[in-house]
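Trainee: Sharing a structure, written as structure tokens. Questions coming.
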Amino acid sequence: MNNFFRTIIAGWGAKKLGGGCLSTIIIFALIYMMLGKCNNGTRAAEPKFKSEKPLVLK
């Protein structure tokens, strides 16, 4: 997820759920970290070892 949209969504959620200053900051950090975990599924599908030589089809 784009960091700009991640920040906007986390800020909106913290504003709605937070009661005071400290709780709003904590909720923002939690939502921001959770939204960052959403994108990890695409990296898991990549192969761990990449071949150095490209495959040549004849």
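Nothing in this text is a laboratory measurement; each read-out follows from the coordinates by a stated rule. These figures come from a predicted structure and were not determined experimentally. Positions of Cβ are generated from backbone atoms using ideal geometry, with glycine treated the same way; all protein chains shown enter the neighbour counts.
Trainee: Applying a 10 Å radius around every beta-carbon, put 12-23, 27-38 in order of their mean neighbour count, most first.
Mentor: Packing proxy ranking, top to bottom: 27-38, 12-23.
Trainee: I want to check the label-to-label distance for Asn2 and Lys37. Put each point 7 Å from Cα in the C-beta direction and report it in nm to one decimal.
Mentor: Once both label points are built, they end up 2.5 nm from each other.
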